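Below is one structure; the comments refer to it alone.
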Amino acid sequence: MYLNPPFSRLLFNLLFVSIFFFGACQEDSLVNDILVYENDFSGQDLTQIENGKLHVFNEDTVLGNYNNEEVLLQLEGLPRHNIVRVNIDLLVHDSWDGNLKGLGGPDKWYMKLDNMEIINTTFSNSICSYSYCLYQSYPDNYGRHYDPKTGAININLPGLCQYNSESNWTSLYKISKLVYHHGSNLEIILGDQLIQENAENPICDESWSLAKIEVSTLTQ
Ligand SMILES: [Ca+2]
Ligand SMILES: [Ca+2]
């Protein structure tokens, strides 16, 4: 069917708005909340994960760590649904620079569902003083300016590598997204585009890990 440009643009805008602002809808109208995948990596189960690797951080087995990499979680045989909820415990390690442009950044992290970008943001663990601040875009998408570690639920963790002997160099974020989705298969991609051109060992300078991921299907 041919759609004239204004109408197709309207359709696109409606789709965009419905995907990205679903969180504003009433969650209490959702039913059939079924947990279809849960992994805190304590069982070392990586069977549905491509590019999965494990390490121990702060006495906890976690997925990672990653620098300029992608992880793919593949789920099949999902029950009938029209919405999925993805909950993630994300660990942001060491010297992320947020929105900084140049040799040090921006330091981006993203999530895609079935190749559709749901999150594309930056994180910062760096300094923020009255005169100089390396802002981050989270909890919004890239382009916004929030103080480093905004939205983190724990900022007192040690760094992983470059700052492994210092506290306050890993930030833990609990991220939850509701997204319209139907079909029995789902691919979730998590990845980063970290920039640290002056670092000898990039993954030691900046990296991320996943402490937990939960996926649920729901109907509205
Ligand atoms: Ca850095
Ligand atoms: Ca950087």
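Only the coordinates and a few stated rules stand behind these numbers; no lab work does. Worth saying up front: this structure is predicted, and the values here are computed from it rather than measured. Glycine also receives a Cβ, built like all others from the backbone with ideal geometry; neighbour counts cover every protein chain displayed.
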Q: Could you list all residues from the range 98-120 that are touching a residue at least 40 places away in the same chain (Cβ under 8 Å) and either more than 16 Å from ligand 2 (Cβ to nearest atom) or assigned to a strand (DSSP E or B) (or both)?
A: Lys108, Trp109, Tyr110, Met111, Lys112, Leu113, Asp114, Asn115, Met116, Ile118, Ile119
(Q) Of all residues being assigned to a loop (DSSP other than H, G, I, E, B) and surrounded by fewer than 20 Cβ atoms within 10 Å (Cβ to Cβ) in the range 121-134, which is farthest from ligand 2 (Cβ to nearest atom)? Just the residue, please. (A) Tyr130
Q) So Asp140 clears everything in (1) part of a strand (DSSP E or B); (2) closer than 30 Å to Leu30 by Cα except one condition, right? Which one? A) (1)
Q: Say whether the condition of being away from ligand 1 (no atom under 16 Å from the Cβ), in contact with a strand residue (DSSP E or B) (Cβ under 9 Å, 6 or more places away or on another chain) and assigned to a strand (DSSP E or B) is met by at least one residue in the range 192-201.
A: no
Q: Report, ordered by the first and then the second residue, all pairs with beta carbons closer than 8 Å, sequence separation of six or more or different chains, a first member in the range 196-208 that is within 9 Å of ligand 2 (Cβ to nearest atom), and a second member that is among the aromatic types (Phe, Trp, Tyr).
A: Glu206/Trp96
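Are any residues in the range 95-120 among the aromatic types (Phe, Trp, Tyr), buried (at least 20 other Cβ atoms within 10 Å of the Cβ) and closer than 14 Å to Gly191 by Cβ, and if so, which ones? Break it down into steps so the answer makes sense when it comes.
Just the residues of the range 95-120 that are among the aromatic types (Phe, Trp, Tyr), to begin with: 96, 109-110.
From what's left, buried (at least 20 other Cβ atoms within 10 Å of the Cβ): 96, 109.
Listed by number, the list holds a single entry, Trp109.
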**Q.** Condition met for Ser167 (within 14 Å of ligand 2 (Cβ to nearest atom) and in contact with a Pro (Cβ under 6 Å, 6 or more places away or on another chain))
**A.** no
